[in-house]
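Asks: Sharing a structure with you now.
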Amino acid sequence: MPTVPRFRSGAGRLCLDLMRTLRLRGMDGATEELDRPEALSAWVAQFGPYPSHAVIPVPTPDVLHHARDLREAVHTLLTAARGAHGVAGCPLRERELLNRAALGAPPVPVLDADGTLTYTATDPIGALLTEIARDALTLATSPALERVRTCAGSRCAAWFLDTSRPGNRRWCSMDTCGNKAKKSTWRAKHAVTAND
């Protein structure tokens, strides 16, 4: 039985988690994690608000292509929003793609008789892509954009929302990039000490 892919989480916003599916963006060795329709289905199962028993259908190649186009439009929008011209610098094609995607029906909350809130959608992948487009548009035009950071890890390009109180978080995750950086600093410090 094939293993279910696990994707990096913890970016702080759904649209930023989707951006992480192009690992090492802009670097040598960049890797496409949404490389097949089954991967998109697994990503939606992991990040969507749906119950664990929900069946996420395997999408068509066209839906996979749309999801990757949406991810790149999110990156383009947020890059523009963080730049000198702000959101007005987002190219028309990407802006229109995001606006169209945001028009869809998002996942619908349903309150069960026992008081449990669950989410459903006739098209769980399309609904989550709608949610992502809305999240990106909202983030790009909100004060929270000032808290979007790029990981300081030397082999990482992940973006994340810095929710720390002082606003000086440096790594996408202390468990991965932060820990690697601390170990590297420790090794370098102790190598210098050993050579003295």
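Asks: Any idea how far the Cα center of the range 116-137 sits from the one of the range 31-66, in Å?
Replies: Using only Cα atoms to place each centre, the spacing works out to 12 Å.
Asks: Accessible area of the chain with a 1.4 Å probe: how many percent of it is carbon plus sulfur?
Replies: C and S fraction of accessible area: 56 percent.
Asks: Highest GNM mean-square fluctuation, the chain, Cα pairs closer than 10 Å: which of LEU128, LEU117, LEU145?
Replies: LEU117
Asks: Relative to the longest principal axis of the chain, what angle (0 to 90°, nearest 10) does the C-alpha long axis of helix 179-195 take?
Replies: 10 degrees
Asks: Here's another thing I want to ask about it. If you line up the long axis of helix 37-47 against the longest principal axis of the chain, both from Cα atoms, how many degrees apart are they, to the nearest 10?
Replies: 80 degrees
Asks: Starting at 0 and stepping by 10 Å, how many percent of the alpha carbon pairs of the chain end up in each bin?
Replies: Going from the shortest bin to the longest, the percentages are 8, 31, 33, 19, 6, 2, 0, 0.
Asks: Helix 124-140 sits at what angle to the longest principal axis of the chain, using alpha carbons and giving 0 to 90 degrees rounded to 10?
Replies: Orientation of helix 124-140: about 50 degrees from the principal axis.
The values are calculated or read from the model by the stated rules, or taken from the named source; none is laboratory data. This is a predicted model, so every value here is computed, not measured. Note: accessible area is taken over every heavy atom of the protein model, side chains too, but ligands, DNA and RNA are not part of it. Shrake-Rupley method; radii C 1.70, N 1.55, O 1.52, S 1.80 Å.
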